[in-house]
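Visitor: This structure is in structure tokens; I'll ask about it shortly.
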Amino acid sequence: MKKTNTILFVPVGIMSATLSLMLKFIDPGLKIIIFEKLDHVAKESSGAWNNSGTGHSALCELNYTPEKDDGSIDISKALEIFGQFENSKQFWSYLVDKKFIEQPKDFIHSVPHHSWVTGQEDIDFLKKRFEALTKTAMFEEMKFSEDHKILAEWFPLIARGRENQKMAGTRMEIGTEVNFEDLTKKYFKILEEQFDVPVLRNTEVLDVDPEEELEWTVEAKDLNSGKITYYDAEHVFIGAGGGALPLLQKVEIEEKDGYGGFPVDGQWLTCNNPEVIAKHNAKVYSKAGPDAPPMSTPHLDTRYINGKKELLFGPFAGFTTKFLKEGSKMDLPRSIHLDNIPSMWGVFWHNLQGKRIKKSLS
Ligand SMILES: Cc1cc2nc3c(=O)[nH]c(=O)nc-3n(C[C@H](O)[C@H](O)[C@H](O)COP(=O)(O)OP(=O)(O)OC[C@H]3O[C@@H](n4cnc5c(N)ncnc54)[C@H](O)[C@@H]3O)c2cc1C
């Protein structure tokens, strides 16, 4: 069966939810259909336990402020990310103001953001970062300290017991903790109940292909009945997280050539002791090792999940061949094609070089 005249299709997660909702506010007449292969929304990367819930604003993430060859700090990315997150906050304020969202505390909490480093080299870097950022209005409230007493007030679980170690930290009071799963669910509730957007759960998008006259055809399978339906669309947004690469590879356009990906597993240590959880009210980010991906930056996070305060340490990156938590172990092998072998080899080689440098340093 072929359905026509539908304008936009998106698979599910915080990205698709945000885009769909913003488009509906701009043009309520836009026809949107959303597909999700699981029976619930926001269970992959946007799931509350599957990310750190940091409202990334460059308040604590050291990888947004690289050191240039001349020793100065490049803060351009930090300013951009700060601005983008302010836009997100304005969008959420709008949703609360217009009563689309009643309880913002369900998904956002005020939690100070800190950077924390040890050793003179990293302390010097943090100080230079602090001096460069506090020249701007966005970061002028940032505090810097090398005083153990102050650091122990900011994040006692980390600073106490390390009195003999040289360390420094920065603090930004305006940091946030965001539950992206709750937010995604709220967005879908608004989309389904107030804009009549169909969210087809248990429906997997199998293929997306260009049609004549600037249209696209989407092949979707109802995983309960096995029925396949083809949808025509003017625009297709592939917001499938880890599922985006396999779909993109099926799209018959040459721009897709060369894309590949290495999946990385992320796991957390979770604290179950309420007394320990109560002692920490912060997000504390440190520095990733040389050449390590930003995801491997260790951090200790206060989280609010299902109305409960939690404490998570991590993430610990591991190797997996799955692109999605609910994916297949064959995801990586199936994604390797003749056209992406050079780019995947390039990533592999670059990382191998990084590892060699690390070994010779240690
Ligand atoms: C360890 C870790 C920590 C992170 N920490 C943070 C953080 O602190 N702050 C932050 O802002 N971001 C963080 N992120 C990133 C953030 O979680 C992701 O960028 C975000 O959740 C991605 O959302 P998404 O909508 O693109 O994808 P997802 O949430 O993964 O959603 C994609 C959806 O598409 C569905 N899907 C896939 N293929 C198909 C198909 N063929 N048909 C139908 N449906 C399909 C999936 O089932 C899934 O529900 C972190 C990520 C990780 C891994």
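Visitor: Name the residue, out of 319, 313, that is open to solvent by 30 Å² or more (accessible area, probe 1.4 Å), within 24 Å of residue 156 (Cα to Cα), within 16 Å of the ligand (Cβ to nearest atom) and free of Cβ contacts under 8 Å to residues at least 60 places away in the same chain.
Guide: 313
Visitor: For segment 56-81: of the residues being of a type outside the set (D, E, K, R), within 14 Å of the ligand (Cβ to nearest atom) and closer than 12 Å to residue 129 by Cβ, which is surrounded by the fewest Cβ atoms within 10 Å (Cβ to Cβ)?
Guide: 63
Visitor: Assess whether residue 191 counts as being within 12 Å of the ligand (Cβ to nearest atom) and either open to solvent by 30 Å² or more (accessible area, probe 1.4 Å) or within 25 Å of the chain's Cα centre (by Cα) (or both).
Guide: No: the conditions fail for residue 191.
Visitor: Can you name every residue in segment 209-228 that is touching a residue at least 24 places away in the same chain (Cβ under 8 Å), over 16 Å from residue 32 (Cα atoms) and part of a strand (DSSP E or B)?
Guide: 209, 210
Visitor: Does segment 133-187 hold any residues that are in contact with a Phe, Trp or Tyr (Cβ under 9 Å, 6 or more places away or on another chain), open to solvent by 20 Å² or more (accessible area, probe 1.4 Å), in contact (Cβ under 8 Å) with a residue 24 or more places away in the chain and assigned to a loop (DSSP other than H, G, I, E, B), and which are they?
Guide: Selection gives 136, 138.
Visitor: Hey, another quick one. Return the pairs, sorted by first residue and then second, in which the second residue is open to solvent by less than 80 Å² (accessible area, probe 1.4 Å) and more than 8 Å from the ligand (Cβ to nearest atom), the first residue lies in segment 241-268 and is over 13 Å from residue 331 (Cα atoms) and of a type in the set (S, T, N, Q), the beta carbons are less than 8 Å apart, and the residues are 6+ apart or on different chains.
Guide: Between residues of segment 241-268 that are over 13 Å from residue 331 (Cα atoms) and of a type in the set (S, T, N, Q) and residues that are open to solvent by less than 80 Å² (accessible area, probe 1.4 Å) and more than 8 Å from the ligand (Cβ to nearest atom), the close pairs are 267/318.
Visitor: If we keep just the residues of segment 239-262 that are open to solvent by less than 50 Å² (accessible area, probe 1.4 Å) and under 22 Å from residue 18 (Cα atoms), which is farthest from the ligand (Cβ to nearest atom)?
Guide: Only one residue fits best here, namely 245.
Visitor: Also, I was wondering about something else. With the condition kept exactly as written, say whether any residue in segment 84-98 is in contact with a helix residue (DSSP H, G or I) (Cβ under 7 Å, 6 or more places away or on another chain), among the polar types (S, T, N, Q) and either within 16 Å of the ligand (Cβ to nearest atom) or open to solvent by 70 Å² or more (accessible area, probe 1.4 Å) (or both).
Guide: no
Visitor: Another question, if that's okay. Only one of these conditions is not met by residue 53: (1) on the phi > 0 side of the Ramachandran plot; (2) more than 15 Å from the ligand (Cβ to nearest atom). Which number is it?
Guide: So residue 53 meets the others, but not (2).
Visitor: Additional query: Residue 210 - would you say it is within 13 Å of the ligand (Cβ to nearest atom) and at pLDDT below 95?
Guide: Against the criterion (within 13 Å of the ligand (Cβ to nearest atom) and at pLDDT below 95), residue 210 does not qualify.
Visitor: Can you tell me which residue within segment 15-29, out of those that are open to solvent by 30 Å² or more (accessible area, probe 1.4 Å) and touching a helix residue (DSSP H, G or I) at 6+ places or on another chain (Cβ under 8 Å), is nearest to the ligand (Cβ to nearest atom)?
Guide: Of everything passing the filter in segment 15-29, 15 is nearest to the ligand (Cβ to nearest atom).
Visitor: What about residue 112, is it without any contact (Cβ under 8 Å) to a residue 12 or more places away in the chain, more than 17 Å from residue 182 (Cβ to Cβ) and in contact with a strand residue (DSSP E or B) (Cβ under 8 Å, 6 or more places away or on another chain)?
Guide: Considered against the rule, which asks whether it is without any contact (Cβ under 8 Å) to a residue 12 or more places away in the chain, more than 17 Å from residue 182 (Cβ to Cβ) and in contact with a strand residue (DSSP E or B) (Cβ under 8 Å, 6 or more places away or on another chain), residue 112 comes out as no.
Visitor: Checking the conditions here, which among 101, 123 is hydrophobic (A, V, I, L, M, F, W, C), assigned to a loop (DSSP other than H, G, I, E, B) and either at pLDDT 95 or above or more than 23 Å from residue 50 (Cβ to Cβ) (or both)?
Guide: Only one candidate passes the filter, namely 101.
The values are calculated or read from the model by the stated rules, or taken from the named source; none is laboratory data. Please read these numbers as outputs of a predicted model, since none were measured by experiment. Virtual Cβ from ideal backbone geometry, glycine too; neighbours counted across all protein chains shown. With ligands, DNA and RNA removed, areas are computed over all heavy atoms of the protein, side chains included. Shrake-Rupley method; radii C 1.70, N 1.55, O 1.52, S 1.80 Å.
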